[in-house]
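Enquirer: For reference, the structure I am asking about is given below.
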Amino acid sequence: MNAPQVAAPHATVRQKATDASIAALLSDLSRRFGDRVATSTAVREQHGHTLTWVKNQPPDIVVYPRTTEEVAEIVRLCATHGVPIIPYGTGTSLEGHVNAPYGGVSIDLSLMKRIIAVHDEDLDCVVEAGVTRKELNEYLRDKGLFFPIDPGADASIGGMVATRASGTNAVRYGTMKDVVLALAAVLPNGEIVKTASRAKKSAAGYDLTRLLVGSEGTLGIVTEITLKLHGIPEAISAGICPFPTVKAACDAVIMTIQTGIPVARIELLDEVQVRAVNLHSKLSLPESPLLLLEFHGSEAGVQEQAERFGEIAAEFGGGPFEWATKPEERSRLWQARHDAYWAAKGLRPGAQSVATDVCVPISRLAECVDATKQDILDSGLVAPIVGHVGDGNFHVQPLVNTDDPAEIEACEAFVDRLVRRAVAMEGTCTGEHGVGQKKMKYLELEHGPAALGLMRVLKQAIDPHNIMNPGKIIAL
């Protein structure tokens, strides 16, 4: 007998706000925020910006708050007029998160740049949502500390919380869910809530912090974040190691992780992505499947880790392992990796990028990547592969001529097979890009109807009028 599904009673189906509601709200916002309210077409389209082929759906109004209290004022005004709200950080998300399918107000947090406190002795800090990861690390450098989560773009910390971001350091330092200690957020009724303290552990009540991390602005707007920090390592060494096939490279990754080598970064680029990186970043990396690695620790520890990895790589036909010994060489190498998205676009000028990602248990990584590589070849697509493979996460970026219906169909079918393959391997439809608009249809496949129903109950309880980033994650 099947268990009863959790239902969301009285769910509000979102409709576009009326012209009269938008006009009244614009009048109220302009009176309060003056020239920090924008309605020009260019600004609105920028805030419906998406780095994939999801159609641009601009908001009706853009407003720029400076404080948590101002965000709360804006939210209360939107709630009064029944107008949707879309939080906006830097616009680098990949699944249509900042689009406004029902119109409404884009709340741009880019003016909220305060680094409120750094507690060196506790290895944590408190920042506003508009601070970017690079800005934070520049501020921390002289204190001997760093913030380890590094998605390819210079994303805002608030946006990274919203999408539960990851990055090249995830294999050692975790993802955003692991480094966020507490949040301040504005709820759909304009109330400001603080989710936790700075204590490293707590058993006090529901974990509201984790509920909001990854909620993509559908439950509230994160305005302040308390983050774990780490000391800058005594020694850092990086290098590259080519392999004959992507399967061999992935098998080496699996063995490296399973033997407990505390590698800090371990990134895969297939030969197509390596060619793109060489062209874009003026490098001369060997154009074969390649691992980029970085080791953190003491001088002796780093040397030992690298030697152990070299032995594993040789077992799978990899090598030679080449060091990037100077800091500027390491920086250039990792900047090239972070620029992989733009590098890939250069392989087919004029084509539309369709960036997608999945994540599988590390033991299934080689099988999943190898099958995906074959699928790309069979589909006739140009689709580089790059990934944070130390935690089983990889990205595929088909480059599609959107004037060719057959090519669009082939790409959509490929992405569908990719997701279903990952889920069948007990993985996930998105390792770090988030759900947004494009991955919504896969949540029931991954979680099942009961879990999806529970998500709807939570959404309805917190946002009964469905004004917070509607049309994302779950449909009501």
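Enquirer: Can you report the number of residues in the range 112-141 which are touching a residue at least 24 places away in the same chain (Cβ under 8 Å) and either touching a Gly at 6+ places or on another chain (Cβ under 6 Å) or on the phi > 0 side of the Ramachandran plot (or both)?
Expert: Residues in the range 112-141 being touching a residue at least 24 places away in the same chain (Cβ under 8 Å) and either touching a Gly at 6+ places or on another chain (Cβ under 6 Å) or on the phi > 0 side of the Ramachandran plot (or both): 3 in total.
Enquirer: Being modelled with pLDDT of 95 or more and either in a helix (DSSP H, G or I) or open to solvent by less than 70 Å² (accessible area, probe 1.4 Å) (or both): is that true of L285 here?
Expert: No: the conditions fail for L285.
Enquirer: What are the residues in the range 309-329 that are open to solvent by less than 40 Å² (accessible area, probe 1.4 Å) and not in a helix (DSSP H, G or I), if any?
Expert: Matches in the range 309-329: G318, G319, A324.
Enquirer: Filter the range 452-465 down to the residues that are within 22 Å of the chain's Cα centre (by Cα) and open to solvent by less than 50 Å² (accessible area, probe 1.4 Å), then identify the one that is farthest from I192 (Cα to Cα).
Expert: Residue satisfying both the conditions and the ranking: L452.
Enquirer: Return a yes/no flag: does the range 351-362 have any residue that is out of contact with any Cys (no Cβ under 8 Å at 6 or more places or on another chain), more than 23 Å from E267 (Cβ to Cβ) and not aliphatic (A, V, I, L, M).
Expert: Scanning the range 351-362 turns up at least one residue that is out of contact with any Cys (no Cβ under 8 Å at 6 or more places or on another chain), more than 23 Å from E267 (Cβ to Cβ) and not aliphatic (A, V, I, L, M).
Enquirer: Continuing with the same structure: Would you point out the residue of the range 119-151, among those that are part of a helix (DSSP H, G or I) and touching a Cys at 6+ places or on another chain (Cβ under 8 Å), that is nearest to G214 (Cα to Cα)?
Expert: Ranking the qualifying residues of the range 119-151, first place goes to L136.
Enquirer: Out of all the residues in the range 378-388, is one or more part of a loop (DSSP other than H, G, I, E, B), of a type in the set (A, V, I, L, M) and surrounded by 23 or more Cβ atoms within 10 Å (Cβ to Cβ)?
Expert: Scanning the range 378-388, I find at least one residue that is part of a loop (DSSP other than H, G, I, E, B), of a type in the set (A, V, I, L, M) and surrounded by 23 or more Cβ atoms within 10 Å (Cβ to Cβ), so the answer is yes.
Enquirer: Based on what the data block shows, is G231 surrounded by fewer than 15 Cβ atoms within 10 Å (Cβ to Cβ) and over 23 Å from the mean Cα position of the chain (by Cα)?
Expert: Against the criterion (surrounded by fewer than 15 Cβ atoms within 10 Å (Cβ to Cβ) and over 23 Å from the mean Cα position of the chain (by Cα)), G231 qualifies.
Enquirer: Just to be sure before I move on: is E216 among the acidic types (D, E) and within 20 Å of R66 (Cα to Cα) in the structure I sent?
Expert: Criteria not met by E216.
Enquirer: Follow-up question, since we're still on this one. Which of (1) touching a helix residue (DSSP H, G or I) at 6+ places or on another chain (Cβ under 7 Å); (2) surrounded by 16 or more Cβ atoms within 10 Å (Cβ to Cβ) does T209 not meet, given it meets every other one?
Expert: (1)
Enquirer: I want to confirm something. Restricting to the range 330-347 and keeping residues that are open to solvent by 70 Å² or more (accessible area, probe 1.4 Å) and in contact (Cβ under 8 Å) with a residue 12 or more places away in the chain, which single residue is farthest from the chain's Cα centre (by Cα)?
Expert: The selected residue is R332.
Enquirer: Can you say whether D154 is part of a helix (DSSP H, G or I) and either open to solvent by 20 Å² or more (accessible area, probe 1.4 Å) or at positive phi (or both), as far as the supplied structure shows?
Expert: no
The values are calculated or read from the model by the stated rules, or taken from the named source; none is laboratory data. Being a predicted model, the structure only gives us computed values, none of them experimental. Every residue, glycine among them, receives a Cβ derived from its backbone with ideal geometry; neighbour counts consider all protein chains shown. Remember, those area values only see protein heavy atoms, side chains included, never the ligands or the DNA or RNA. Shrake-Rupley method; radii C 1.70, N 1.55, O 1.52, S 1.80 Å.
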